[in-house]
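Coordinate-derived values only; no laboratory data. On a predicted model such as this, the values are computed, not experimentally measured, just so you know. A quick note on method: Cβ atoms are made from the backbone with ideal geometry, for glycine too, and the neighbour counts reach across all protein chains shown.
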Amino acid sequence: MALYATAASVLANVESRRGSIKGLVYASSFQNVKQLYALVCETQRYSAVLDAVIASAGLLRAEKKLRPHLAKVLVYELLLGRGFRGGGGRWKPLLDRHQARLKAELARLKVQRRVSRNEDLLQVGSRPGAASQVPRFVRVNTLKTSSDDAIDYFKRQGFSYQGRASSLEDLRALKGKCFLLDPLLPELLVFPAQTDLHDHPLYQAGHLILQDKASCLPAMLLAPPPGSHVIDACAAPGNKTSHLAAFLKNQGRIFAFDLDAGRLASMATLLARAGVSCCELAQEDFLAVSPSDQRYRQVQYILLDPSCSGSGMPTRQLEEPGAGTPSKARLQALAGFQQRALRHALTFPSLQRLVYSTCSLCQEENEDVVQDALQQNPGTFRLAPVLPSWPHRGLSSFPGAEHCLRASPETTLTGGFFVAVLERVEVPSSVPQGEASAPELTLSAAPRKKRRPRRTVAPRTLPLTEQVLLFLLP
């Protein structure tokens, strides 16, 4: 099966330090990048355990044509994963011959180490901590369906809907096939941690987006009304872009930029599956985009989520060999780029609101970058006070930093994240007063409709079940 061969190739290149998991996955030709990424990450996490089991069982001695990295992927799937997908192809009969011995060696290893669970075999540094308790957040793609329809679909599949959550404790208590509606985002469903929906028909059909709650905050706080022109400055892999399109209801225009051709190609696939028809993709450095270009004269909203250290991502250690706490030199280089990108974004003449976000926990990439931008634009932009009830605020490194938002598995039951909303203080002369007024930070604000631009796709609305069936037909 192509999945296992591709996963073995990515794993071999990661272990020989030829790139990060994420970069190698996007560079592969495998279509389901999320499925491939998850398999490689988990195989890598259990690498030492798998090596021990394979060696004790004598698998490579018995199957001399089986390469070590492929063996590791296959044994992970057999013993620790979800079982062979798609029947397993020609690999299933091969592994079946050794299944009893492999299982016996795994059991022997548990006895030797005096543990009962597979995850207890992991070394302390590889064991899931608070991040393993982060629920599975699932954003309903309102371009294709509604939260009510998605909830009904899950209920018909035997899931138990528990209503809207009222606290983080409700989310922590989720178990089994129960799920909730997030208390903040009306289109966000919450399932127990480790729930895997990659093969679910609604996900495959683009009705659901698997996206952490913290990652949903940037588009929610930018909240561009239908008809707006928006820039997504560092757009790939595209989850936030599709969220922006949902706010726009595909009415308006998104200019999305990214330098990586492979990531941009995967993003185009994601957006097509999500039904996004208002986005223009460009393989271009955002810093090279001219604010005076007439194409961007109506851009009033910018989402800037630049490259960062990823220190808030639980899987970062797997994505980038040798990563961890970023070095001082790397932090300086990243912060320098982030400062240039934010300063550049604030020069677009019609800009009214900008959201700056990272998946970093480092002050140098977060509060310090925002403070630099405000100092470079005194009296022009200010930090907007948002979500006053959000429990984790920005570090008190400068006056007003408490208006920034932070997130972490411990405080918000999400991945580590940082968000700041900057809004223009004065109306620019290039935009009429009526158009430039920034809407309130609510999900209901929507100004008068503008004439729709030509769309590349005009989908016919079908019932949810019929849409899924049509999508899955060969």
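For Lys177, list the lysines whose Cα falls under 25 Å from its own Cα; do not include residues on the same chain fewer than 8 positions away.
Lys34, Lys144, Lys155, Lys213
At a 10 angstrom cut-off on C-beta neighbours, averaged per residue, how do the peptides 193-206, 232-245, 68-81 rank from highest to lowest?
Top of the packing list down: 232-245, 68-81, 193-206.
Taking a threshold of 20 Å on the Cα-Cα distance, which of the pairs Lys65/Lys92; Lys103/Lys175; Lys64/Lys92 fall above it?
Lys103/Lys175
Within 13 Å, Cβ to Cβ, of Ala233, how many net charges do the neighbouring residues add up to if Lys/Arg are +1 and Asp/Glu are -1?
My count for the surroundings of Ala233 gives -2.
Give me a comma-separated list of calculated 3J(HN,Hα) values for region 189-205, in order, Karplus coefficients 6.51, -1.76, 1.60 applied at θ = phi - 60°, integers in Hz, x for any Gly or Pro.
With the stated coefficients, region 189-205 comes to 9, 10, 10, x, 4, 6, 5, 10, 10, 4, 9, 5, x, 5, 5, 4, 8 Hz.
Decide, for region 214-424, between rounded, prolate and oblate: order the square roots of the alpha carbon gyration tensor eigenvalues as a ≥ b ≥ c, take rounded if a/c falls under 1.5, and otherwise choose prolate if a/b is larger than b/c, else oblate.
Rounded, because the longest to shortest axis ratio a/c is under 1.5.
Would you give the gap between the C-alpha center of region 269-303 and the C-alpha center of region 41-72, rounded to a whole Å?
45 Å
Could you check the spin-label model distance between Glu423 and Ala104? Points 7 Å from the Cα along Cα→Cβ, value in nm.
Here the answer is 6.9 nm between the modelled labels.
I'd like to compare 341-351, 151-161, 48-58, 101-111: which one has the highest average count of other Cβ atoms within 10 Å, and what's the full order after that?
341-351, 48-58, 101-111, 151-161
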